[in-house]
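Reviewing the structure listed below.
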Amino acid sequence: MSLDALDSLSRTGLEVMTKLLEGREQTRLPLQQFTGAASRPDHRLFYLTILAPEQAGPDGWKGAFYAPFGHFHICGTVQGAATDRGSVSLTAETRLVVGGRDLVTANWTVVGPDERQLAPNHACLLESIEIGRSGPHVEEDIRRCIARHAPERASGTPKAVVTFQCAVAAACLIEAIC
């Protein structure tokens, strides 16, 4: 990818992500933009840009992502927060946009252990999935794809989690085949 194309991705993505985060209650953590490549669950690479804090704060964190795929793009927000049960809740609100219109939308929440917990094993559980629009897909295919991939990509730094959840959205909203 050329430097001009990366610059365009960063600029367009920043505009889209800023609109997604407008009007939402923000944490006090500063957001930084990162642009690069990530791997979808099927190991295919794609380019994306994200806004995320470097670290999670005591009152949680919020971030956003944007990834163009020719004539459409995926975008969304990701929010992490500690729960009163000693775990961390992660909520992703995602959409596939074609010509300025949401074709596919899906939201999900995953709950997992706080990374600081000492435990021999860590795993995340899917708490909820909401399919707003299934577009050309069968809703159950999207649901099954989210259930398979979202929990396994829900831990790490906010930067990593936003990137991972963008990859989940790429797999589940574009193809919905797992």
Notebook entry, point to check: Based solely on its DSSP helices, what 222 nm [θ] is calculated for the chain when runs of n ≥ 4 H residues each add -39,500 (n - 2.57) and the sum is averaged over all residues, nearest 500 deg cm²/dmol?
Noted result: -7500 deg cm²/dmol
Note to self: Accessible area of the chain with a 1.4 Å probe: how many percent of it is carbon plus sulfur?
What the structure shows: 51
Notebook entry, point to check: For the stretch 1-124, what is the convex hull volume of the alpha-carbon atoms per residue, in Å³?
Noted result: 136
Margin query: Based on the alpha carbons, how large is the Rg to Rh ratio for the stretch 85-160 when Rh follows Kirkwood?
Written below: 1.05
Check: Per residue, how much accessible area does the stretch 101-178 have with a 1.4 Å probe, in Å²?
Finding: 51
Item checked: Filtered trypsin sites (Lys or Arg not before Pro), the stretch 46-146: DSSP coil and at most 16 other beta carbons within 10 Å -> ARG85, ARG116
Next item on the list: Using a 1.4 angstrom probe, figure out how much accessible area the stretch 4-77 has per residue, in square angstrom, rounded to the nearest whole.
Entry: 55
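Return the tail of the calculated pair distribution for the stretch 59-124, meaning the percent of Cα-Cα pairs more than 15 Å apart.
The answer is 59 percent, as a whole percent.
The values are calculated or read from the model by the stated rules, or taken from the named source; none is laboratory data. Quantities reported herein were computed from a predicted structural model and do not represent experimental measurements. Ideal geometry is used to build each Cβ from the backbone, glycine not excepted, and the neighbour counts take in all protein chains shown. Keep in mind that these areas ignore ligands, DNA and RNA; they rest on the heavy atoms of the full protein, side chains included. Shrake-Rupley method; radii C 1.70, N 1.55, O 1.52, S 1.80 Å.
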